[in-house]
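For reference, the structure is listed below as structure tokens.
Derivation of every value follows stated rules applied to the coordinates shown; laboratory data play no part. All values derive from a computational prediction rather than experimental measurement. With ideal geometry, Cβ positions are generated from the backbone for all residues, glycine too; neighbour counts draw on all protein chains shown.
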Amino acid sequence: MADAAPPLAPPRRRHGRRESIWRWRRGDLVIFALSWLAGMGLCIIATALVLFFAVKGAQYLRPDLLVQHPSASVSQAGSGGFLDPIEGTVLLGVIGLAIAVPLGVTTALWVVEFGRPRWLARVVESTVEIIAGTPDVVLAIFGLALFELGLFAPLSFGQPGGAFGRSFLTCGIIVSAVAIPSIYTATRNGLIATPRQLREASYALGKTKTATIRRVVLPAIRRDVATGSALGLGRIIGDTAIVILLLGATLQIQTQSNTPVLGLLRGTGSTLTTYAFNASPAGDGNAPTKAYAAAALLLLLVLLLNWGVGRIGRIGGPPLHAERRLGA
Amino acid sequence: MVSGGVSFAPNPADGTIFWFEPFESLASTIIRSAESISTPAIHSTLYSFAALLLFSSLVLSLAAYLVRLPLRRYQLSN
């Protein structure tokens with residue numbers, strides 16, 4: 001009886017000898033060295049920033065600051081904590097994402113899945129790029145001009161005679177514009193990378209295009225949407241100009257009326273960024289240790305978001321488009 | 001904030017010290033003067049600054065588009 005044939009071993013990859021960089025041309029070496037230095041420089045800057053604020057945070061960030069309301073005081077000891085800015089940051093993030101996620105995802109869906117007429121899809125893409133490139137202070141001043149109009153008075157803090165254009169609602173509407181490009185780009189890239197066979201299999205089972213998008217495409221790109229949302233949230237909580245101009249940057253949250261939710265949405269307040277700005281030597285608060293503590297907390301939030309983005313990308317194995325790239 | 005926030009125009013004729021002179025950018029001027037935006041003169045000045053910033057960003061977006069245009073032919077850009 002003949003021996004069973006040994007199992008076929010996978011072919012070994014042949015790696016060529018790595019070319020020594022010392023054989024490169026001098027110009028290429030200079031460019032390589034500059035690129036290496038730039039990469040290392042960025043790593044050093046990021047590490048120094050995190051270490052600096054870790055030290056300052058450990059020095060000044062105390063648990064009681066997280067639960068005390070801020071107050072105006074000439075001394076740092078009497079200026080309270082930053083509970084209101086934390087609440088303002090959370091509320092603004094929720095409002096901004098509640099507006100930006102549906103807009104960003106549906107825009108990307110329309111551009112990739114329908115995209116007709118083609119010229120209109122190109123216009124939409126260019127518009128998103130223009131929004132991404134527009135300075136946030138321009139968006140803020142545009143929002144101020146818009147929401148000061150009597151037509152939009154019910155949305156903002158004001159008096160019977162007129163509107164100030166400032167509230168959580170108006171600020172959330174405008175700040176959502178800085179998050180839309182991140183969400184749009186992540187969703188669009190996810191849609192483009194989703195295998196065409198997935199859609200074709202759904203059509204073969206008799207599903208309509210709308211049902212395919214809802215039941216097959218959207219679940220397949222949920223990780224891309226989550227990643228874009230986390231990046232967009234990072235941009236929202238890091239924004240300063242829009243908050244100063246459209247939220248009023250008041251020390252405490254001031255509600256417009258006693259109506260439970262609407263009064264708060266029409267009220268003014270601040271976020272951690274504007275609190276840190278006002279408390280810093282450049283602002284009027286004159287509480288540098290509180291500014292360091294707020295900045296450390298903000299950096300911690302951003303680092304947590306970045307960590308969350310990485311985790312989202314790994315949950316449940318590689319995404320469908322990654323499997324396609326791997327040949328699975 | 002770091003640039004000094006001073007309404008001052010650095011003069012290249014000052015020599016090396018030019019690189020260390022404080023200045024104020026358009027964006028920080030808008031933020032610093034936001035409290036006085038209801039004053040007609042400041043109102044129009046700040047909106048002019050914003051228009052200038054918007055125009056600059058539009059020109060940069062257009063430049064980015066023009067740079068990417070030849071790359072699209074080779075599918076190196078979307």
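Structure notes:
- The residues A:VAL175, A:VAL128, A:VAL50, when put in order of fewest to most other Cβ atoms within 10 Å, stand as A:VAL50, A:VAL128, A:VAL175.
- Length gained on full extension, A:VAL261 to A:TRP307, computed as 0.36 nm times the residue gap minus the Cα-Cα distance: 13.4 nm.
- Backbone HN-Hα couplings from phi across the stretch A:103-115 [Karplus 6.51/-1.76/1.60, Hz, Gly and Pro as x]: 5, x, 5, 5, 5, 4, 4, 5, 5, 7, 7, 10, x
- For A:ALA193 and B:ARG32, the FRET efficiency from 1/(1 + (r/R0)^6), where r spans their Cβ atoms and R0 equals 51 Å, is about 0.70.
- Once backbone amide H atoms are built at 1.01 Å from N, A:ARG166 has A:PHE157 as its partners under 5 Å, excluding neighbours fewer than 5 places away on the same chain.
- Of the residues A:TYR292, A:GLY269, A:SER229, the one whose Cα sits farthest towards the positive end of the charge dipole of the stretch A:178-317 is A:SER229 (charges of +1 on Lys and Arg Cβ, -1 on Asp and Glu Cβ, taken about the Cα centre).
- Cα convex hull of chain B, projected area averaged across orientations, nm²: 8.2 nm²
- Alpha-carbon centroids, the stretch A:197-236 and the stretch A:38-72: separation in whole Å: 37 Å
- Inter-label distance, A:LEU42 to A:LEU149: 4.1 nm, where each label sits 7 Å from its Cα along the C-beta direction.
- Averaging 1/r over every pair of different alpha carbons in the protein assembly as shown and inverting the result gives a Kirkwood radius of 25.0 Å.
- Treating r as the C-beta distance of A:ARG214 and B:ALA63 and R0 as 35 Å, the FRET efficiency rounds to 0.35.
- Hydrodynamic estimate: the Kirkwood radius of the stretch A:43-170 over Cα pairs, inserted into Stokes-Einstein at 20 °C and 1.002 mPa s, corresponds to D of 112 µm²/s.
- For the stretch A:184-201, 3J(HN,Hα) per residue [Karplus equation, 6.51 cos²θ - 1.76 cosθ + 1.60, θ = phi - 60°, Hz, x = Gly/Pro]: 4, 5, 5, 5, 4, 5, x, 5, 5, 7, 5, x, 5, 4, 4, 5, 5, 5
- For the protein assembly as shown, adding -39500 (n - 2.57) for each run of n ≥ 4 DSSP H residues and dividing by the number of residues yields -19500 deg cm²/dmol at 222 nm.
- Kirkwood Rh (inverse of mean 1/r, distinct Cα pairs), the stretch A:88-326, angstrom: 19.5 Å
- Interchain or long-range residues, amide H under 5 Å from A:GLY269's placed H: A:ALA249, A:THR250, A:GLN254
- Mean Cα-pair separation over length for chain A, i.e. relative contact order, pairs under 8 Å, 6 or more apart, %: 22 percent
- In order along the stretch B:49-60, phi translates into HN-Hα couplings of 4, 4, 5, 5, 5, 5, 4, 4, 5, 5, 4, 5 Hz, rounded to whole numbers, per the Karplus curve 6.51 cos²θ - 1.76 cosθ + 1.60 with θ = phi - 60° and x for Gly and Pro.
- Candidates A:GLN197, A:GLN68, A:GLN256: whichever shows maximal mean-square fluctuation once chain A is modelled as a Gaussian network with Cα springs under 10 Å: A:GLN197
- Exposed-loop-free span, longest in chain A, where trypsin sites (Lys or Arg not before Pro) count as exposed if DSSP calls them loop and at most 11 other C-beta atoms lie within 10 Å: A:26-328
- Choice from A:GLY27, A:GLY228, A:GLY165 showing the highest fluctuation, given a GNM over chain A with Cα pairs closer than 10 Å: A:GLY27
- Spin-label pair A:GLU200-A:GLN254: with each label point 7 Å from Cα along the Cα-Cβ axis, the two points sit 6.3 nm from one another.
- Amide H within-cut-off set for A:GLY80, under 5 Å, with H built and near neighbours excluded: A:SER71
- Each Lys and Arg adds +1 at its Cβ and each Asp and Glu adds -1 at its Cβ; summed about the Cα centre, chain A shows a dipole of about 1700 debye.
- Estimated FRET transfer efficiency when R0 is 60 angstrom, pair B:PHE20-A:GLU113 (beta carbons, to 0.05): 0.65
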